[in-house]
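Taking it in order: structure first as structure tokens, then the write-up.
The values are calculated or read from the model by the stated rules, or taken from the named source; none is laboratory data. On a predicted model such as this, the values are computed, not experimentally measured, just so you know. As a convention, Cβ positions derive from the backbone with ideal geometry for all residues, glycine included, and neighbour counts pool all protein chains shown. To get the accessible areas, we keep the full protein, side chains included, count just its heavy atoms, and leave off ligands, DNA and RNA. Shrake-Rupley method; radii C 1.70, N 1.55, O 1.52, S 1.80 Å.
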Amino acid sequence: MYKSVFSKYLSIISLVVVLGFLVMMLFQLFLTTNALADEKKELLLKNAESIAQHTAASADVTLDKSGAVVYRLDGNRLKPLLSLVSEAIDATLLITDAQGDVLLAAGTADDMQFERTVSLSTFVGGVGSEYYGIGTLGGLLDGGHHVAALPVVIQGDLVLGYIVAYTPNDAFVETVKSNISIYVYSVLGALILCFGFVWLMTDRFVRPLREMAAAAHSFAEGDFSPRVKVKGKDEVAQLGEALNGMAVSLSSVEMMRRSFIANVSHELKTPMTTIAGFIDGMLDGTIPKEKQAQYMKIVSDEVKRLSRLVRSMLDLSRIDSGELKMNTTQLDLTDIVVNVLVSSEQRIEKKRLSITGVEDCDSVKVWGDYDLLNQVLYNLLDNAIKFTDEGGNIHIHLYREDGRAHVSIRNTGEGIPPEEMPQIFERFYKSDRSRSLDKNGVGLGLYIVHTVIRLHGGEIAVRSIQGEYTEFAFWLPENGDNH
């Protein structure tokens, strides 16, 4: 139905304005007509009462032969008064006897085209009753009139006749027309103002939305550079900030994706090139048969390297996609450390390394996935053995504290340069030293370590002093709570 935010705002605000003014107009008309009716009632009754008092005072009352009350009005005295009051209040005044015969009149009654008798019974409830209402004097008048009637009373309860006062109800119609005109023009003026206001406000609201739409289209096309200008602290500004934050995240993800592809391509290309070169050399005779065993050993190592890379990438894929389901059991970290050291005994003896701290470690049990935590400790100890200087020392410390299991592995050696510390847990990151010493590594070991420990609800940190040592330390919750 609506094609734009502007049309929505304009339609809604216009509807609210029109309904608001309509309600105000009806309420105002109700109050105005009631006030006018009360004013007319008071005016007619008050003046009718004054005329009744003068009529009663000037009436010549006698009794006829049958004892009935007979009275005469002094027309010369009452006529000027009646005309003056009629003109002053813009109403017709009638003086009737008790039967309704008009005795004296002032106002439009002088030109009345009906018999000069008022049917008092049609609007006066009973003898001596007071009346006020809107009517036609029993059909004698055309259209509604404000009508008031008061009895002329003498001697306490003797009713000589009635004072009837009436005025047309045209004032109500004129008031309604006037108010409607005022409110129609008011509504039109308000709509014009609202249109201008909505135009300005909608432009202010819609401009950032248009920028967001344009930015979103750019994001969809792979360009994450556009940013939305954020002003204020309202919901639109918060949406703009969220979109900018999303752009930063998408840009970071895109950079990681490109870096990942580049690193994987590099890591795959190097061993495959080596394997293809050596095998081609054997097939075409470039490599003599007596040396083929030596080169086949190199080919075997490269194949194993490829296998480790593929396995690590599969592990990463399962972790990143959330498909990795941990098989949580209670396990002993000390036992895992000992098993890894036993499996690495030949490498340790070959480099004449001393292992300290294990003999003093107590049993440290946690809830976690055995295979994943075994991979963590294997990677950390493998790195320690690999980068410890000849005849150096690896110190291992396991302990429990504040509901956490702590593990630290420190090895002597060159250490890690300070500028490389922030990137040490990133994917495919290999320091310059590790590139020369760890030619078979793919730069995913520490990233997997960091990810697995975070999955278990723990934290890992690295400390190093160049030329002295490198230490990796992590903790895990003993109860397995990773939230």
Suppose every K and R has +1 on its Cβ and every D and E has -1 on its Cβ; what is the size of the dipole of segment 204-250 about the Cα centre, in Debye to the nearest 20? 280 debye
To the nearest 10 square angstrom, what accessible area does Arg404 show with a 1.4 Å probe? 100 Å²
Can you give the accessible area of Met24, probe radius 1.4 Å, in Å² rounded to 10? 100 Å²
Accessible area of Thr136 in the full protein assembly, 1.4 Å probe (Å², nearest 10): 50 Å²
Sticking to Cα atoms, compute the Rg of segment 168-254 to one decimal and its Dmax as the biggest Cα-Cα distance, whole number, in Å. 24.4, 85
Ranking Asn244, Thr202, Met212 by how far each Cα lies towards the positive end of the charge dipole of segment 198-250 (+1 on Lys and Arg Cβ, -1 on Asp and Glu Cβ), the top one is Thr202
Positive dipole terminus of segment 134-239, leading residue within Phe224, Ile180, Tyr166 (C-beta point charges): Phe224
Can you work out ³J(HN,Hα) from phi for every residue in segment 272-280, in order, using Karplus 6.51 cos²θ - 1.76 cosθ + 1.60 and θ = phi - 60°, giving whole Hz and x for Gly and Pro? 5, 5, 4, 4, 4, x, 5, 5, 4
Across segment 155-167, in residue order, what do the Karplus-derived ³J(HN,Hα) couplings come to in whole Hz, using 6.51 cos²θ - 1.76 cosθ + 1.60 with θ = phi - 60° and x for Gly and Pro? 6, x, 9, 8, 8, 8, x, 9, 9, 10, 10, 8, 9
